[in-house]
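One structure is given here, and the rest of the page talks about it.
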Amino acid sequence: MAHRRVGAFAPGRVNLIGEHTDYNQGLALPFAITEGVVVHATETGEARILARALEGGEEDDFPLCEPAPATGWRAFVRGVVSELRRAGFPLLGARLEIGGDLPQGAGLSSSAALEVALCLALLALSDAAGAERLRLAELCSRVEHEWVGAQTGLLDQLASLYGVAGAALLIDFRTLEVDPVPLRLEEDGWRLVTLDSGERHANASSLYNARRAECARACELLGVASLRDANREDVERLPEPARSRARHVLGENTRVRDTVAALKANDLPAVGRLLSASHASLRDQYEVSTAAVEATVVRLLGAGAAGARIVGGGFGGHVLGLLAPGVQAPAGAREVHAGPGAYLLDPHTLA
Ligand code: GLA
């Protein structure tokens with residue numbers, strides 16, 4: 001009998017604006033990109049998972065029930081399998097092939113794309129219907145927290161699961177409402193590009209968790225449940241570094257709102273200024289930039305970008321730039337487009 005085979009694609013994301021706001025119940029405006037992770041799953045009939053990362057050719061092999069913890073990409077695979085089973089989804093033993101065209105540790109959310117593609121492929125293979133996308137996002141975030149050691153929010157998973165071609169997503173992390181906001185810039189010849197700083201980062205080992213703890217401390221001192229409830233006057237009385245971190249979060253929420261308004265008014269120069277203001281705040285108040293990132297921002301602005309900022313958790317990765325019509329992108333920059341959210345591959349296209 002031929003063994004069943006399914007495939008799933010999950011995109012990475014670029015966050016247009018709204019950085020380090022997700023775990024502060026704030027606002028963000030990410031979009032799914034057209035690059036992502038592809039997972040093919042083939043039923044094996046044995047209660048094990050055999051996984052192979054196509055780039056690098058590394059493998060993993062573990063029992064379906066109670067996988068042991070691991071590090072690197074294996075932690076994501078074991079975590080997803082374990083959390084899906086813990087949530088009550090009956091999984092089948094499978095051989096997994098993991099590939100795609102998303103650079104790892106580059107601020108484009110390769111981790112969430114991997115988690116989401118794994119979820120969709122494993123669930124499709126076992127015919128587990130009815131998994132709600134929001135529930136999957138939360139499950140993937142548990143994988144990050146408990147298996148990978150990164151106390152990340154829901155930004156990346158929601159962008160990967162809810163992406164809409166041609167639109168950014170306004171996400172309110174207090175209500176988890178997701179509202180598509182059309183990105184019409186290409187019609188007028190504007191482009192969004194990413195430029196790699198060359199520096200790789202991992203949220204589990206960078207100062208990401210420390211920043212999150214600093215925000216929690218700010219909330220404690222202010223007596224609020226999240227920084228969404230904080231007001232500016234109280235924030236100014238906080239000691240450092242809580243004051244600077246909270247300043248960034250409050251300012252960033254306002255910049256997300258202003259960016260949505262500027263996009264609706266088709267005021268792209270204003271979007272560019274907001275991107276650069278976000279970067280300045282991430283560098284000076286949130287302190288997540290590096291020398292390599294700064295040099296990359298300077299290259300984009302030097303080429304004539306209307307605005308540029310670091311994207312993702314910080315401490316390396318890609319820089320986003322907004323280019324007006326006719327402005328030449330610096331060498332190595334890649335245009336990014338808003339693509340659809342994660343989906344199953346048509347079985348007829350599977351090799
Ligand atoms: C990483 C995390 C997200 C978010 C961003 C910063 O990408 O995975 O949850 O916190 O950093 O905005």
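The values are calculated or read from the model by the stated rules, or taken from the named source; none is laboratory data. Given the structure is predicted, the values throughout are model-derived calculations rather than measurements. Counting neighbours? That spans all protein chains shown, and the Cβs are built from the backbone with ideal geometry, glycine included. All accessible areas refer to the heavy atoms of the entire protein, side chains included, with ligands and DNA or RNA removed. Shrake-Rupley method; radii C 1.70, N 1.55, O 1.52, S 1.80 Å.
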Nearest 10 degrees, 0 to 90: helix 208-222 Cα axis against the chain principal axis | 60
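Expressed in nm², what is the orientationally averaged projection area of the convex hull enclosing the Cα positions of the stretch 98-229? Numbers along the way, then the final one.
On the way: hull surface 42.9 nm².
Across all orientations, the stretch 98-229 yields a mean hull projection of 10.7 nm².
Tell me the net charge near residue 293. Cut-off is 14 Å between Cβ atoms, residue 293 excluded, with +1 for each Lys or Arg and -1 for each Asp or Glu. Kindly include the intermediate steps, with their values, before the conclusion.
Values: positive: 200, 283, 299, 309; negative: 19, 196, 199, 284, 287, 294.
Combined, the nearby Lys, Arg, Asp and Glu give -2.
Starting from the Cα gyration tensor of the stretch 30-173, take the square roots of the eigenvalues, sort them a ≥ b ≥ c, and report rounded, prolate or oblate (rounded when a/c is under 1.5, otherwise prolate if a/b is larger than b/c, else oblate).
prolate
Return the carbon/sulfur percentage of the accessible area of the chain, one whole number, probe 1.4 Å, all protein chains in place.
Of the solvent-accessible surface of the chain, carbon and sulfur hold 51 percent.
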Report, please, the projected area of the stretch 155-205 averaged over directions, based on the convex hull of its C-alpha atoms, in nm².
-> 5.3
Assign one of three labels to the stretch 109-161, namely rounded, prolate or oblate, based on the Cα gyration tensor with a ≥ b ≥ c the square roots of its eigenvalues; rounded applies when a/c is under 1.5, prolate when it is not and a/b is larger than b/c, and oblate otherwise.
-> prolate
Specify the inter-centroid distance of the stretch 245-313 and the stretch 59-86, based on alpha-carbon positions, in whole Å.
-> 37
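Just in the stretch 115-174: which trypsin sites (Lys or Arg not before Pro) are loop by DSSP and have at most 15 other Cβ atoms within 10 Å? Could the numbers behind the result be given before it?
Numbers: sites: 133, 135, 142, 174; in loops: 174.
The qualifying sites are 174.
Over the stretch 233-351, average the accessible area per residue using a 1.4 Å probe and give it in Å², no decimals. Intermediate values should be presented prior to the final figure.
Values: 4930 Å² over 119 residues.
With all protein chains present, the stretch 233-351 gives 41 Å² per residue.
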Whole number in Å², please: accessible area per residue of the stretch 81-197, 1.4 Å probe, ligands, DNA and RNA not counted.
-> 37
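Return the calculated 222 nm mean residue ellipticity for the chain, to the nearest 500 deg cm²/dmol, obtained by summing -39500 (n - 2.57) across DSSP H runs with n ≥ 4 and dividing by the residue count. All intermediate terms of the calculation are to be shown ahead of the outcome.
Values: 9 runs with 120 residues, N = 351.
The helix-only estimate for the chain comes to -11000 deg cm²/dmol at 222 nm.
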With the radius of gyration and the Kirkwood radius both derived from the Cα set of the chain, what is their ratio Rg to Rh?
-> 0.98
What is the helix-to-structure angle for 133-142, meaning the angle in degrees between its Cα long axis and the longest Cα principal axis of the chain, kept from 0 to 90 and rounded to the nearest 10?
-> 90
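Please compute one quarter of the surface area of the Cα convex hull for the stretch 86-136 and express it in square nanometres.
Working: hull surface 17.2 nm².
For the stretch 86-136, the mean projected area of the Cα convex hull comes to 4.3 nm².
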Degrees between helix 110-125 axis and first principal axis of the chain (Cα, 0 to 90, nearest 10) | 30
